[in-house]
Amino acid sequence: MSEPDKPHPAAEGTTLVSTENTGVMKQRVLLAFLLLVVAGALAWHFTRSRGGLLGNRLGDLAVAAPAESQFLLAIDLRQRNRLSEVVTMVRGVARDYPDLLSSEQPLTEMLEEMEKKAPAPLEEMADWLAPAGCVAFFPRAGEASLIPSHPDLSAPFELVVVLALSEPTRVLEQIGPRLEKSGAKVRQQGQVTFWEGVSRGTPYVLALYKEALVLSSSLEGCNRSLEALQRKTPALAEQADYQVALARVQHDQGGLLYLTPGRTLSALSKLPEARGVFDDQTVAALESMTTLIATVTPRQAGFGVECFLALDAASTSDWTKALLTAPKSPARLAALFPAGWGNYHAINFPYFYRGLIQTVMLAPRARLQVGAVSMLMQGSVGFTPERLFQTLTGEVGLSTHLDPGTAQSGVVLLALGLKDRAGFEKLLEKLSGQLGSLQALEQEGSSQVYGLSGLPGARLVFLEQPAAVLLAAGPSARQGLRQALDAAEGRQPPVAAEPVLKQALEASGESWVAMSYLDLSKASQPVLEAMKSERVPEAQARLLRTVASELSEARDASVLLVEPQGLRFRSFGPGPYSLTFTGGLLAAVLVPNLVKARGQGQLTACQSNLKNEGTALEMYAVDHAGRYPETMARLTPNYLKVIPNCPAAGRDTYSESYQVAPDAFTLACRGHHHARAGVKADHPAYSSVRGLIQR
């Protein structure tokens with residue numbers, strides 16, 4: 001038998017090499033595939049985080065601001081709202097409250113006029129814009145600050161406004177021709193379309209680049225913003241100070257304010273007028289304020305506010321050292337204030353006093369006066385504030401309360417945390433010349449209530465837990481103090497138990513220097529009750545009910561904290577939104593209408609006074625052979641008990657205007673007291689011939 005065929009050596013070697021190459025190739029293909037996957041994931045993550053030219057987060061909008069920017073204001077609500085929805089909401093408000101902004105021109109007419117001038121319906125135009133944009137200020141070329149080096153010089157800064165666009169093509173097609181028609185010069189430079197023109201005497205430069213619309217008053221400012229957007233020059237978003245500041249606050253959506261106070265304000269020291277006002281200590285304090293950043297972040301039921309002022313811990317400034325010296329003060333006094341009052345405010349008194357003193361001493365001319373004031377206080381009352389601080393924990397609490405059902409009501413409650421009661425009482429004795437001596441008044445439960453002879457009506461109580469002194473003043477001082485004692489002894493809920501304030505207290509620890517709590521639905525109840533008694537139009541009455549409903553959710557607490565690198569302000573709860581919403585409506589709608597309603601009521605009462613006086617004058621004439629009295633005073637007390645006061649002026653404005661002839665008289669409200677009701681001066685009036693003359 002022949003031997004089995006064996007592979008040829010060369011063929012065998014070829015097979016082995018082919019197998020090895022195939023394995024290596026598979027590994028390379030797999031590695032290349034993995035690299036492609038990783039590269040794709042990184043690219044997706046990068047583009048997702050950048051969100052296009054202007055990014056997709058609030059802080060990203062700084063890519064449109066040059067690196068030298070010393071002021072940035074940005075707003076970004078792209079993940080929450082469409083501008084067309086806002087326009088629809090405004091139309092609804094215009095329909096329900098047509099005279100919201102002006103009683104002369106309804107809001108609906110204003111919108112109609114805007115739409116006539118617009119190239120498309122407002123809702124459609126609104127969707128051309130994304131709800132995001134920023135305003136940036138930065139020094140002009142060759143300048144170091146936003147502040148001029150001499151008062152006579154023009155502003156040494158550039159200003160740009162950048163708007164994010166959803167449909168840049170529509171803006172180009174619709175807005176561009178209108179700008180050209182108004183006289184603007186258009187030119188194309190690469191991917192950028194420029195319009196240069198004048199509006200109401202002010203030059204402007206408008207540029208469209210991808211999904212960004214840049215507006216500036218000069219070509220230089222516009223180009224510097226575009227260069228930052230095109231990554232040709234560094235942007236503010238890339239600066240270390242900005243990135244550090246941004247990391248200290250929440251900044252995904254909402255509003256953002258960024259400043260460089262030290263770099264900007266230190267330029268003031270170079271002004272000729274600053275000589276004698278600024279010196280090295282002043283400049284060191286200003287330069288220690290490296291950055292200030294504040295954000296407003298949307299929440300489920302409103303907005304939260306956060307702010308951080310970064311201070312240079314290595315600064316030699318005594319002012320900076322005072323601000324960065326964190327007090328150790330546990331917050332205890334909130335347990336003494338009734339929750340039903342709806343407001344509470346507290347500060348660390350020694351911290352603010354020392355900060356104030358150091359602030360005053362930033363001016364060289366004030367330093368000697370500060371020392372003199374301390375000496376005067378020692379000489380007049382026998383102690384200095386520092387001696388007072390030795391007897392206190394530093395915590396000072398304050399609250400106020402009004403009773404809408406009582407005409408003369410109100411109490412202010414002040415609490416001081418005590419560390420040395422005996423020492424504090426000795427200092428009170430030294431103040432007896434100003435405040436009066438302590439006098440035992442009555443017993444409230446287990447607490448002895450004292451009065452101060454120099455403060456009639458005030459009530460004072462010393463407490464053991466927490467160690468504090470309570471001082472109540474005002475028409476309702478006694479009732480207010482009783483309620484505070486009930487809260488301190490657990491007979492009614494204290495404000496410290498309110499969830500939003502409790503959250504703020506727990507978050508602040510012992511490094512807080514100020515805190516505030518406000519339940520607007522409770523604190524504003526007296527105001528709302530007063531409004532209900534006024535003559536308010538039905539539309540405004542509906543708005544008042546809406547405001548009252550909104551107030552039911554308006555509870556906010558805020559704290560100011562001292563941290564190693566600066567000061568932090570934080571808000572808890574939906575209060576800032578509610579306060580802004582309510583305050584804006586009250587200022588823009590309710591208050592003017594209430595003033596108008598009150599003015600109309602005062603006019604009606606004044607007219608009634610004139611009619612009554614006219615009737616009294618006629619009765620006098622009947623009893624005196626047809627002759628009217630020489631003066632109004634002769635009408636009292638037989639025909640009028642007293643000469644009435646004009647309710648708007650608060651005094652008798654009629655007697656001085658009285659003029660009499662043998663068979664006629666004229667009478668008027670002298671002065672211009674009814675302007676709110678649209679009445680000219682010296683009116684309303686009354687005459688024996690014409691009767692009431694209203695205007």
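Every read-out reported here was derived from the displayed coordinates using simple, explicitly stated rules and does not represent laboratory data. Bear in mind that the values here come from a model prediction, so they are computed numbers and not experimental data. Glycine gets a Cβ as well: all are built from the backbone with ideal geometry, and neighbour counts include every protein chain shown.
Values computed for the structure shown
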item	result
Calculated FRET value between residue 185 and residue 608, using beta carbons and R₀ = 60 Å, to 0.05	0.35
Cleavage-rule hits (GluC sites (Glu not before Pro)) in the stretch 596-695: DSSP loop, at most 11 neighbouring Cβ within 10 angstrom	630
Residues 135, 283, sorted so that the one with the fewest Cβ neighbours within 10 Å comes first	135, 283
Charge context of residue 458, other residues only, Cβ under 15 angstrom, K/R +1, D/E -1	+1
Trypsin sites (Lys or Arg not before Pro) within the stretch 236-345, DSSP loop, no more than 16 other Cβ atoms inside 10 Å	328
Stretchable slack from residue 90 to residue 400, in nm (0.36 nm times residue separation minus alpha-carbon distance)	107.9 nm
Label-point separation, residue 502 to residue 227 (7 Å along Cα→Cβ), nm	5.7
Order of 318, 252 - criterion: other Cβ atoms within 10 Å of each residue's Cβ, fewest first	252, 318
Förster-model FRET efficiency, 41 Å R0, residue 321 and residue 429, C-beta, rounded to 0.05	0.75
Low-density loop positions, trypsin sites (Lys or Arg not before Pro), the stretch 171-242 - DSSP coil, at most 15 other Cβ in 10 Å	200, 210, 231, 232
Taking the stretch 597-693 and dividing mean pair separation by its residue count, relative contact order in percent (alpha carbons under 8 Å, at least six apart)	28
Neighbour-count order for 264, 636, fewest beta carbons within 10 angstrom listed first	636, 264
Positive minus negative residues near residue 197 (Lys, Arg vs Asp, Glu; Cβ under 15 Å)	+3
